[in-house]
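Report on one structure; see the data block that follows.
The values are calculated or read from the model by the stated rules, or taken from the named source; none is laboratory data. Everything quoted here is computed from the prediction, not taken from an experiment. Here Cβ is always computed from backbone atoms with ideal geometry, including for glycine, and neighbour counts include all displayed protein chains.
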Amino acid sequence: MKARINTKGLAGALADLRGLSGGAMREALADALNHTANQARKALRVEMNDVFEQPSPWVLDSIFMQNATPQRLESALWVKENKVGGTGKGFDDWLAPQVFGGARLHKGSEKLLREAGILPAGRFIMPGAAARLDADGNISRGQVVQIISGLKAFKGKSARLNATSSRRSRQKGNATAFFVMYRGKTPIGVAERRDSQMGIVLAFVSQPRYRQRLRFHEVVEQVANAQLVPNVDKAIARVMNRRR
């Protein structure tokens with residue numbers, strides 16, 4: 001997912017650069033392209049705050065900017081490819097459904113529950129009414145760990161997090177607190193019962209689908225159309241002032 005900003009379609013603005021030497025002209029163009037890309041990145045952060053409810057810092061900081069240079073007259077913006085936590089997925093994977101629409105990706109917790117035979121094929125998890133939510137409206141990571149531990153669904157090196165018969169584990173109570181709920185023979189979710197309180201913490205649902213929310217390419221194009229020519233004019237003025 002990348003948006004490029006270059007000098008195509010700038011014949012009129014480029015005519016104003018004919019009085020500059022080749023090196024100075026390319027320097028001015030690179031300067032204008034980078035100012036425009038930076039404005040586009042700021043506009044994308046505003047767009048994210050508008051379309052996402054309380055976006056987390058990793059979402060707001062996920063836009064990478066590649067600067068133009070006199071040798072390469074193109075700036076670019078794209079979503080960083082860094083992996084998110086231990087999921088093996090990058091920022092681009094998580095944001096792509098928000099930009100293009102489409103189905104939500106599997107979460108790591110869903111993979112564990114599916115491999116343990118708890119989550120049926122083709123089903124996904126959503127917070128239940130009794131789930132503890134974080135500031136972003138997702139079920140808290142701590143409670144997810146408790147659920148997977150209580151259901152003994154951790155695998156490999158993480159299996160040490162599963163509830164056991166040890167005294168310490170029994171005191172936490174996760175092994176007896178969480179259980180799978182069924183409708184007939186079909187699993188429909190996970191509930192938590194502690195003392196006299198019981199509630200659904202995970203619901204098993206069909207694959208969520210997203211409509212386009214983040215106008216990534218549209219925002220960059222709008223900023224480029226509105227700001228690139230003025231930024232070229234300003235860059236020319238800066239070069240000319242340095243020559244005086």
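Annotations for the structure displayed:
- Single unsatisfied condition, GLU221 versus (1) within 22 Å of LEU73 (Cβ to Cβ); (2) more than 30 Å from the chain's Cα centre (by Cα): (2)
- Single unsatisfied condition, ALA224 versus (1) surrounded by fewer than 16 Cβ atoms within 10 Å (Cβ to Cβ); (2) in contact (Cβ under 8 Å) with a residue 24 or more places away in the chain; (3) of a type outside the set (S, T, N, Q); (4) in contact with a helix residue (DSSP H, G or I) (Cβ under 7 Å, 6 or more places away or on another chain): (1)
- Qualifying residue in segment 41-61 (condition: within 17 Å of VAL223 (Cα to Cα), of a type in the set (Lys, Arg), assigned by TED's automatic domain parsing to the domain that holds LYS8 and out of contact with any helix residue (DSSP H, G or I) (no Cβ under 7 Å at 6 or more places or on another chain)): yes
- Residues in segment 100-120 that are surrounded by 14 or more Cβ atoms within 10 Å (Cβ to Cβ) and of a type in the set (D, E, K, R): ARG104, LYS107, GLU110, LYS111, ARG114.
- Restricting attention to segment 49-78 and to residues that are under 27 Å from SER206 (Cβ atoms) and of a type in the set (A, V, I, L, M), the residue that is modelled with the highest pLDDT turns out to be VAL51.
- The conditions of being among the charged types (D, E, K, R) and under 14 Å from GLY128 (Cα atoms) are met by ARG193.
- Helices (runs of 4 or more DSSP H) wholly inside segment 121-217 that include at least 1 residues being crowded, with 17+ Cβ neighbours inside 10 Å and not basic (Lys, Arg): 141-150, 174-177
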